[in-house]
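Engineer: I'd like to ask some things about the structure below.
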Amino acid sequence: MTDLVLPADLLPADGRFGCGPSKVRPQALAHLAEVGDQLLGTSHRQPRVKDQVRRLQQGLNELFGAPEGYEVLLSVGGATAFWDAAAFGLVERRSRHYVFGEFSGKFATATAAAPWLESPDVVEAEAGSRPLPSPAAGCDVQAFTHNETSTGVMQDLRRVDDALVLVDATSGAGGLPVDLTQTDVYYFSLQKGFASEGGLVAAFVSPAAVERIGEIAASDRYVPTFLDLATALDNSRKHQTYNTPGVATIFLAAEQVDWMNDTFGGLDGVVAEQRSKAAAIYGWAESRPWAAPFVTDPAARSLVVATVDLDDAVSADQVNAVLRANGILDTDAYRKLGRNQLRVGMFAAVDRADIEAYTACVDHVVERLAG
Ligand SMILES: *Cc1c(COP(=O)(O)O)cnc(C)c1O
């Protein structure tokens, strides 16, 4: 079946639909190739590289219209390292977690394993749905996940008590609407919504979060330097990181943020475009007898990661194999979810026309498989 050649006029201009790493815009790569020898292989303590860090921080502030007093913190190691950093440096005693898939579960696992913390208070919802936030007595952190990448469900963010609100926005940031005043730490790796490479987290931190970081740093809790948020904050204010970052990661993310600001005039414009892409793919799934959106509540359907269940008669593995052989990549379901499903990353870098081309290609493959 993988011999099936898709007609050239059906193919998307760019075949990258993964949920992370996700499509890096070719224009950003070309720009990196152009200026790279002035940046890569030079000291990250010198102005050239620090200017790129500043460009990223300022661009993010502009994109999100960051509230007064919020700062952009950079932390090496990606979201996975940030969960440990948060367990060390942001949770005082006990955290509340909303778990509704693979990624939201991982931070809860990290705090559960931390011997200096009480066992976390975990509220779970079934894969494909989302838990409702509620006050959590005795917890000093409320941990949300803006977009559960494994299921394609987005969560509403809001303060429900006095706890610090920590949001893993690794796939949601730069695609979903957000009111940062409802959050204290809105953190995200850069290889998803920001079309860059892995290994670095950017986080909007509120004054209350900065205060918490300072209090814990001043306490007698042991914190490994690599995961020390007080150190990360101190360095971020100087437009650098404690240890060496991937400079290409910083550059590509800054390119993407500038492109988003220039093209869409800020996050509202990006989100409007995301809504139109989401309407296209979910509308398509609803109109095909052999497909359906996995997430039943339309309000919970992600604007950045679409999950589409296929009928038992149509094998998603076969569809994906044909697509892959034709250069359309990475739309496999999250493996541990174990569903007959397509999962499509449609972050800001992915053009609406390519989403439509993707659905036309799937139609073509399914017709041939059925015939
Ligand atoms: C991809 C992803 C992560 C993991 O990010 P890393 O940078 O690989 O650590 C965490 N949370 C969410 C929501 C993700 O989508």
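Since every read-out is calculated from the coordinates, none of them should be taken as a lab result. Treat the numbers as computed from the prediction; the structure is a model and nothing was measured. FYI the Cβ positions are ideal-geometry reconstructions off the backbone, even for glycines, and counts take in every protein chain you see.
Engineer: Within the chain, which whole H helices from DSSP have a Cα span along their axis of at least 18 Å and a mean Kyte-Doolittle hydropathy of 0.5 or more, if any? Before the final figure, lay out each step's value.
Structural biologist: Details: long enough: 47-64 (25 Å, -0.99); 247-264 (25 Å, 0.54); 267-287 (29 Å, -0.06); 352-370 (27 Å, 0.13).
TM-like helix candidates: 247-264.
Engineer: How large is the dipole of the chain about the Cα centre if only Lys and Arg carry +1 and Asp and Glu carry -1, each at its Cβ, rounded to the nearest 20 debye? Walk me through the numbers on the way to the answer.
Structural biologist: Details: 31 positive and 48 negative charges, 102 e Å.
In total the dipole reaches around 480 debye.
Engineer: Take every DSSP beta bridge with both residues inside the chain and express the antiparallel ones as a percent of the total, to the nearest 5. Kindly include the intermediate steps, with their values, before the conclusion.
Structural biologist: Working: 23 of 39 bridges.
The antiparallel fraction comes to roughly 60 percent.
Engineer: Still on this structure: Can you tell me how the stretch 309-371 classifies by the Cα gyration tensor, rounded, prolate or oblate, using a/c under 1.5 as the rounded cut? Intermediate values should be presented prior to the final figure.
Structural biologist: Numbers: a/c = 1.89, a/b = 1.20, b/c = 1.57.
Oblate is the answer for the stretch 309-371, as a/c is 1.5 or above yet b/c matches or exceeds a/b.
Engineer: Please report Rg (one decimal) and Dmax (integer) in Å for the Cα set of the stretch 62-173.
Structural biologist: 13.6, 39
Engineer: On to the next question. Quick one: which residues, 5+ away or cross-chain, put their amide H under 5 Å from the amide H of Phe144? H built at 1.01 Å from N.
Structural biologist: Those qualifying (amide H under 5 Å, at least 5 residues apart or on another chain) are Leu166, Val167, Asp168.
Engineer: Taking the Cα atoms of the stretch 26-262, what is the range of coordinates along each of the three principal axes, in descending order and whole Å?
Structural biologist: Rounded to whole Å, the extents work out to 53, 41, 31 Å.
Engineer: Say a site is exposed when it is one of the GluC sites (Glu not before Pro), sits in a DSSP loop, and has at most 12 other Cβ atoms within 10 Å; what is then the longest site-free stretch of the chain? Could you put the intermediate results ahead of the total?
Structural biologist: Values: sites that count: Glu68, Glu126.
By the stated rule (loop sites, at most 12 other Cβ atoms within 10 Å), 127-371.
Engineer: Cut-off 10 angstrom, C-alpha nodes, Gaussian network model of the chain. Which of Lys277, Lys23, Lys336 fluctuates the most?
Structural biologist: Fluctuation is largest for Lys336.
Engineer: What length, rounded to one decimal in nm, is gained on full extension from Asp3 through to Asn243, with 0.36 nm per residue of separation minus their alpha-carbon distance? Provide the component values of the computation, followed by the final result.
Structural biologist: Working: separation 240, 0.36 × 240 = 86.40 nm, distance 4.77 nm.
Between Asp3 and Asn243, full extension yields 81.6 nm more.
Engineer: Considering only C-alpha atoms, what is the centroid distance from the stretch 132-169 to the stretch 339-371, in Å?
Structural biologist: Answer, in whole Å: 31.
Engineer: Any idea what the relative contact order of the chain is, in percent, if you count C-alpha pairs under 8 Å spaced at least 6 apart?
Structural biologist: 25 percent
Engineer: Please label the shape of the stretch 1-146 as rounded, prolate or oblate, based on the square roots a ≥ b ≥ c of the eigenvalues of the alpha-carbon gyration tensor (a/c under 1.5 means rounded; beyond that, a/b larger than b/c means prolate, else oblate). Could you put the intermediate results ahead of the total?
Structural biologist: Values: a/c = 2.40, a/b = 1.31, b/c = 1.83.
Judged from the Cα gyration tensor, the stretch 1-146 comes out oblate (a/c at least 1.5, b/c at or above a/b).
Engineer: Sorted by average packing, counted as other Cβ atoms within 10 angstrom per residue and highest first, what order do 43-50, 291-298, 3-10 take? List each step's numbers first, then the result.
Structural biologist: On the way: 43-50: 13.9, 291-298: 17.0, 3-10: 11.0.
For the peptides 43-50, 291-298, 3-10, the packing ranking is 291-298, 43-50, 3-10.
Engineer: Could you list, in their original order, any pairs among Lys50/Lys336; Lys192/Lys238; Lys23/Lys50; Lys277/Lys336 whose Cα atoms are separated by more than 30 Å?
Structural biologist: Values: Lys50/Lys336 40 Å; Lys192/Lys238 26 Å; Lys23/Lys50 25 Å; Lys277/Lys336 26 Å.
Checking Cα-Cα distances, Lys50/Lys336 exceed 30 Å.
Engineer: Nearest 20 debye, what's the magnitude of the dipole of the stretch 113-231 about its Cα centre given +1 on Lys and Arg Cβ and -1 on Asp and Glu Cβ? All intermediate terms of the calculation are to be shown ahead of the outcome.
Structural biologist: On the way: 6 positive and 17 negative charges, 66 e Å.
I would put it at about 320 debye.
Engineer: Separate question: With a cap of 15 neighbouring Cβ atoms within 10 Å, and only residues DSSP puts in a loop, list the chymotrypsin sites (Phe, Trp or Tyr not before Pro) found in the stretch 33-121. Please report the intermediate quantities before stating the final value.
Structural biologist: Numbers: sites: Phe64, Tyr70, Phe82, Trp83, Phe88, Tyr98, Phe100, Phe103, Phe107, Trp116; in loops: Tyr70, Phe100, Trp116.
In loop regions of the stretch 33-121 (DSSP not H, G, I, E or B), the sparsely surrounded chymotrypsin sites (Phe, Trp or Tyr not before Pro) are Trp116.
Engineer: Calculate, in nm to one decimal, what Arg335 and Asp37 gain on full extension: separation in residues at 0.36 nm each, minus their alpha carbon distance. Each step should come with its number before you reach the end.
Structural biologist: On the way: separation 298, 0.36 × 298 = 107.28 nm, distance 3.90 nm.
Here the answer is 103.4 nm.
Engineer: Would you work out which of Ala325, Val76, Trp259 lies farthest towards the positive end of the dipole of the chain? Charges go on Cβ: Lys and Arg +1, Asp and Glu -1.
Structural biologist: Projecting each Cα onto the dipole axis, the largest value belongs to Val76.
Engineer: From the residues Ala248, Ala66, Ala349, which one has its Cα farthest along the dipole of the chain in the positive direction, the dipole being from +1 and -1 charges on Cβ of Lys/Arg and Asp/Glu about the Cα centre?
Structural biologist: Toward the positive end, the furthest listed residue is Ala248.
Engineer: Go through Leu180, Val91, Leu29 and say which Cα lies farthest out towards the positive end of the charge dipole of the chain; charges sit on Cβ, +1 for Lys and Arg, -1 for Asp and Glu.
Structural biologist: The one lying farthest along the dipole's positive direction is Leu29.
Engineer: Shifting gears a bit: Express in whole angstrom the spacing between the alpha-carbon centres of the stretch 176-219 and the stretch 37-99.
Structural biologist: About 7 Å separates the Cα centre of the stretch 176-219 from the one of the stretch 37-99.
Engineer: When ranked by the protection proxy of mean other Cβ atoms within 10 Å per residue, highest first, what sequence do the peptides 149-161, 340-352, 316-328 form?
Structural biologist: 340-352, 149-161, 316-328
Engineer: Treat every Asp and Glu Cβ in the stretch 228-356 as -1 and every Lys and Arg Cβ as +1, leave all other atoms uncharged, and give the resulting dipole magnitude about the Cα centre to the nearest 20 debye.
Structural biologist: Numbers: 12 positive and 18 negative charges, 47 e Å.
Using only the charged Cβ atoms, the result is roughly 220 debye.
Engineer: Now for a separate question. Just in the stretch 75-149: which trypsin sites (Lys or Arg not before Pro) are loop by DSSP and have at most 14 other Cβ atoms within 10 Å?
Structural biologist: Working: sites: Arg93, Arg94, Arg96, Lys106; in loops: Arg93, Arg94.
Here the trypsin sites (Lys or Arg not before Pro) that fit, given the DSSP loop and packing criteria, are Arg93.
Engineer: Right, here's the next one. Need one number: % antiparallel among DSSP beta bridges in the stretch 36-156, to the nearest 5.
Structural biologist: Working: 2 of 9 bridges.
Antiparallel bridges: around 20 percent, rounded to the nearest 5.
Engineer: At a Förster distance of 25 Å, what's the computed FRET efficiency of Ala353 paired with Asp179, Cβ-Cβ distance as r, to 0.05? Write out the running numbers ahead of the final one.
Structural biologist: On the way: r = 31 Å, r/R0 = 1.22.
That pair, Ala353 with Asp179, gives E of 0.25.
Engineer: Could I ask something else about it? Say each of Val160 and Ser219 gets a label point 7 Å from the Cα, pointing the same way as Cα to Cβ; how far apart are those two points in nm?
Structural biologist: Output for this residue pair reads 2.4 nm.
Engineer: Another question, then. Using a ≥ b ≥ c from the Cα gyration tensor of the stretch 72-124 (square roots of the eigenvalues), is it rounded, prolate or oblate, where a/c under 1.5 gives rounded and otherwise the larger of a/b and b/c decides, a/b for prolate? Mind dumping the intermediate values first?
Structural biologist: On the way: a/c = 2.00, a/b = 1.24, b/c = 1.62.
Note, shape of the stretch 72-124 comes out oblate.
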